[in-house]
Amino acid sequence: MIDAEVVRLRKLRSVALRARALAKALESDSIEDCVFAKSTVICWTISRIATGHLRAHPYLRYQQDPSRIRELIDRAIASMVALTARRRNRCFSVYAPELQSVSREVADVRALTWSADLSEALGRAQLQLGLLAKQLDGGAQHEMGAVPQQNDGDALEVETQTSWPYLAM
C-alpha cells in the first residue's frame, strides 16, 4: 500500500464517519426514516473496511484510528445540523449530499486501488449506497412536494456518470 492510498483510505473513513454521525443524529423512531438507520450501518461498514486495510499496513503511524476529539466534533456538528433540518422538515434533503460525498469517495478509492479484496468490498457497499441514494432522493422530493418521475434508463446513466467519473472523458 502506498502513501496516496493511505491518504484516500483515511479520507474515505473520515467522510463515512461524518455521514454516519449525521445519519445517527437524524434517525428517529418513525418507520419512514429507516433509510437513516440503513445509512448508519453502511457508513459504519465502509469505515470498518477502510480501517481494516489501514491496520494491515506495516508502518505503525499509518494504522492510527481517528482521534476522539474528531469524533466529538463530528457528533456536535451533526447534532446542530440535524436540529436545524428537523425544524425545517428537510432531513432527507440535508442528508442526501452527505451520502453523495460518501458514494464519491467510495468510487474514487475503488477505482484507484490495487487491492482486489478492497475493490470487491467497496463494490458491494457502492451498490447499497446507490439503493439508499434512490430512497433519499424519493424522500427529498416528497419533502419538497414534488412527484417523483419513474425513468430508470436516465437514472442508470446519471448514476454511471457520477460513480465512474473517469469514464466520462
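The values are calculated or read from the model by the stated rules, or taken from the named source; none is laboratory data. Keep in mind it's a predicted model, so treat the numbers as computed, not measured. In this analysis, Cβ positions are derived from the backbone assuming ideal geometry, glycine residues included, and neighbour counts consider all displayed protein chains. Please note that ligands, DNA and RNA were not included when accessible areas were found on the heavy atoms of the full protein model with its side chains. Shrake-Rupley method; radii C 1.70, N 1.55, O 1.52, S 1.80 Å.
To keep it simple, each residue is scored yes or no on (1) open to solvent by 60 Å² or more (accessible area, probe 1.4 Å); (2) aromatic (Phe, Trp, Tyr); (3) modelled with pLDDT of 75 or more.
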residue	(1), (2), (3)
VAL35	no, no, yes
LEU54	no, no, yes
GLN64	yes, no, no
SER79	yes, no, yes
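Take the conditions over 14 Å from the mean Cα position of the chain (by Cα) and in a helix (DSSP H, G or I) and apply them to ALA107. Does it pass?
On the way: over 14 Å from the mean Cα position of the chain (by Cα): no; in a helix (DSSP H, G or I): yes.
Criteria not met by ALA107.
Quick grid of which residues meet (1) at pLDDT below 85; (2) part of a helix (DSSP H, G or I); (3) loosely packed, with under 14 Cβ neighbours inside 10 Å:
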{"position": "ILE69", "(1), (2), (3)": "no, yes, yes"}
{"position": "GLY123", "(1), (2), (3)": "no, yes, yes"}
{"position": "ALA133", "(1), (2), (3)": "no, yes, no"}
{"position": "GLN141", "(1), (2), (3)": "yes, yes, no"}
Residues of segment 1-26 satisfying the condition of being open to solvent by 10 Å² or more (accessible area, probe 1.4 Å), out of contact with any Asp or Glu (no Cβ under 8 Å at 6 or more places or on another chain) and under 13 Å from ASP65 (Cβ atoms):
ARG10, ARG13, SER14
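So which residues in segment 104-123 are in contact (Cβ under 8 Å) with a residue 24 or more places away in the chain and either more than 16 Å from ALA4 (Cα to Cα) or not hydroxyl-bearing (Ser, Thr, Tyr) (or both), if there are any at all?
Within segment 104-123, the first condition is being in contact (Cβ under 8 Å) with a residue 24 or more places away in the chain, and the residues that meet it are 104-109, 111-115, 118, 121-122.
Passing the criteria: ARG104, GLU105, VAL106, ALA107, ASP108, VAL109, ALA111, LEU112, TRP114, LEU118, ALA121, LEU122.
From LEU127, LEU167, grab the single residue that is modelled with pLDDT under 80, over 18 Å from LYS11 (Cα atoms), open to solvent by 40 Å² or more (accessible area, probe 1.4 Å) and among the hydrophobic types (A, V, I, L, M, F, W, C). Reasoning before the result, please.
Values: LEU127 fails: modelled with pLDDT under 80.
Checking each option against the conditions leaves just LEU167.
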May I ask you to list the residues in segment 81-95 that are surrounded by fewer than 17 Cβ atoms within 10 Å (Cβ to Cβ) and either under 25 Å from LYS11 (Cβ atoms) or of a type in the set (Ser, Thr, Tyr) (or both)?
THR84
